[in-house]
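Here the structure comes first, spelled out in structure tokens, and everything after it is commentary.
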Amino acid sequence: MDGATAVVTGASRGIGEQIAHAVAEAGAHTVICARDAEALERVEADIRDAGGSVTAIRADVRDEYDVERLVETATREGNGAIRYVVANAGVYHGTAGETPLTEESYAAFDDHLRTNARGVFSTIREAVPHLGPDARIVVPTGVVAREGMPGYGSYAVSKAAAEAVARGFAVDLDTPVGAVDPGQVATDLSGDGGRDPESVAEMVLWALRDADPSALDGGVLDWGDYRSTTR
């Protein structure tokens, strides 16, 4: 990834933080954003201390003007066109597996859709004019987007919508756009248990750099796809 410019949203913790580290370690100038400025600055400092090239911008993916500023800064601070985009920012209101739709508040429903689905739309939409000819876009997802699982409520609905956004852009752009499903991950958002975020970051790095673009484009790459090509 030497010399490339990458944008990673939701990079202040969890999977996003580890993706930002992995992409920067691979040599890209990594532009990161999140709503929590203090946490984002910590990640920026950690990446710099590790020798990575990084720019941190406090931005809310629910606000398209914030995202516009993010991608414009990425083209200015990086090496021109954006080559990699990871639309990772997401929220979960409640405890994973304990938020059935029958008890979901309208506020939670609206913010899940606004952040997890519309945020993916705004990230990709605003990045489009700045993408290079060999760009790739990845959207982290989960099985709840495709299979009914009790207790995931409007979070699951929002992830299904995010996958639909990725598929829509895949057919409308020449750039490969796809989703990556790493399975259960041990983060504050999804709860205890599951894979370490560092290993998931390596999977996302593979999707950005090494995966068959035709398999990524409009599809969902899972852990089995990743392991079958990296053994």
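Using a 10 Å Cβ count of at most 16 others and DSSP loop calls, identify the longest part of the chain lacking such GluC sites (Glu not before Pro).
On the way: sites that count: Glu98, Glu147.
For GluC sites (Glu not before Pro) (loop position, at most 16 other Cβ atoms within 10 Å), the longest site-free span of the chain is 1-97.
Starting from the residue with the highest accessible area, list Ile15, Ile32 in decreasing order, probe 1.4 Å.
Largest to smallest exposure gives the sequence Ile15, Ile32.
Can you tally the net charge around Pro176? Count Lys and Arg as +1, Asp and Glu as -1, for every other residue whose Cβ sits under 11 Å from the Cβ of Pro176.
Surrounding charge for Pro176 is -3.
With a ≥ b ≥ c the root eigenvalues of the C-alpha gyration tensor of the range 113-231, is it rounded (a/c under 1.5), prolate (a/b larger than b/c) or oblate?
oblate
Only bridges whose two residues both fall in the chain count here: according to DSSP, what percent of them are antiparallel, nearest 5?
The antiparallel proportion sits near 5 percent.
Excluding ligands, DNA and RNA, what is the solvent-accessible area per residue of the chain at a probe of 1.4 Å, expressed in Å²?
With all protein chains present, the chain gives 45 Å² per residue.
Would you kindly state how much longer the chain becomes between Ala164 and Glu72 on full extension, computed as 0.36 nm times their sequence separation minus their alpha carbon distance, in nm to one decimal?
Going from the current span to full extension adds 30.6 nm.
Once amide H atoms are built 1.01 Å from N in the peptide plane, which residues 5 or more positions from Glu104, or in another chain, come under 5 Å H to H?
Distant-sequence amide H within range of Glu104: zero hits.
Ignoring any ligand, DNA or RNA, what whole percent of the accessible area of the range 5-230 comes from carbon and sulfur when the probe is 1.4 angstrom?
Using a 1.4 Å probe with all protein chains present, the range 5-230 comes out at 46 percent carbon and sulfur.
How much net charge surrounds Ala6 when only the other residues with a Cβ under 12 Å from the Cβ of Ala6 are counted, with Lys and Arg +1 and Asp and Glu -1?
Charge balance in the 12 Å sphere: 0.
Normalise the Cα radius of gyration of the range 68-151 by 2.2 N^0.38 Å (N = residues in it) and let me know the number. Display every interim value, and only then the final one.
Working: Rg = 16.0 Å, N = 84, 2.2 N^0.38 = 11.8 Å.
Against the empirical 2.2 N^0.38 Å value, I get 1.35 for the range 68-151.
Rounded to whole Hz and in sequence order, give me ³J(HN,Hα) for the range 73-86 from the Karplus expression 6.51 cos²θ - 1.76 cosθ + 1.60, θ = phi - 60°, writing x for Gly and Pro.
5, 4, 5, 7, 7, x, 10, x, 4, 7, 9, 10, 10, 10
Determine how many Å³ per residue the convex hull of the Cα atoms of the chain encloses.
Value for the chain: 112 Å³ per residue.
Which ³J(HN,Hα) values, rounded to whole Hz and listed in residue order, are derived for the range 146-152 from phi using the Karplus coefficients 6.51, -1.76 and 1.60 in 6.51 cos²θ - 1.76 cosθ + 1.60 with θ = phi - 60°, glycine and proline given as x?
3J(HN,Hα) across the range 146-152, in whole Hz: 10, 10, x, 10, x, x, 9.
Mind ranking Asp225, Asp111 by accessible surface for me, highest first, 1.4 Å probe? Don't skip to the end; give the middle numbers.
Details: Asp225 55, Asp111 25 Å².
Largest accessible area first, the list is Asp225, Asp111.
Taking all pairs of different Cα atoms in the range 21-109, averaging 1/r and flipping that mean, what Kirkwood radius in angstroms comes out?
Values: mean 1/r = 0.0674 Å⁻¹.
Its Kirkwood hydrodynamic radius stands at 14.8 Å.
Can you tell me the orientation of helix 14-25 relative to the chain, as the angle in degrees between its alpha-carbon axis and the longest Cα principal axis, to the nearest 10?
The angle comes out near 20 degrees.
Would you kindly derive the ³J(HN,Hα) couplings of the range 47-64 from the backbone phi angles with the Karplus curve 6.51 cos²θ - 1.76 cosθ + 1.60 (θ = phi - 60°), listing them in order in whole Hz, with x for Gly and Pro?
Rounded to whole hertz, the list is 5, 5, 4, 7, x, x, 9, 8, 10, 10, 9, 5, 8, 10, 5, 6, 10, 4.
Build a GNM of the chain with springs between Cα atoms under 10 Å: which of Gly148, Gly178, Gly119 gets the top mean-square fluctuation?
Gly148
Check Arg136: other-chain or 5+ apart residues with amide H under 5 Å from its amide H, H built from backbone geometry?
Distant-sequence amide H within range of Arg136: Tyr84, Val85.
Amide H to amide H under 5 Å from Val54: which residues, 5+ apart in sequence or cross-chain, H placed 1.01 Å off N in plane?
Thr30
Working with all protein chains in place, sort Ser214, Ser105 by solvent-accessible area computed with a 1.4 Å probe, largest first.
Ser214, Ser105
Can you compute the modelled spin-label distance between Glu64 and Asp36, with each label point 7 Å from Cα toward Cβ, in nm?
Output for this residue pair reads 2.9 nm.
The values are calculated or read from the model by the stated rules, or taken from the named source; none is laboratory data. Only a predicted model underlies this, so the values are computations on that prediction, with no experimental measurement involved. In this analysis, Cβ positions are derived from the backbone assuming ideal geometry, glycine residues included, and neighbour counts consider all displayed protein chains. Protein only, heavy atoms only, side chains kept; ligands, DNA and RNA dropped before computing areas. Shrake-Rupley method; radii C 1.70, N 1.55, O 1.52, S 1.80 Å.
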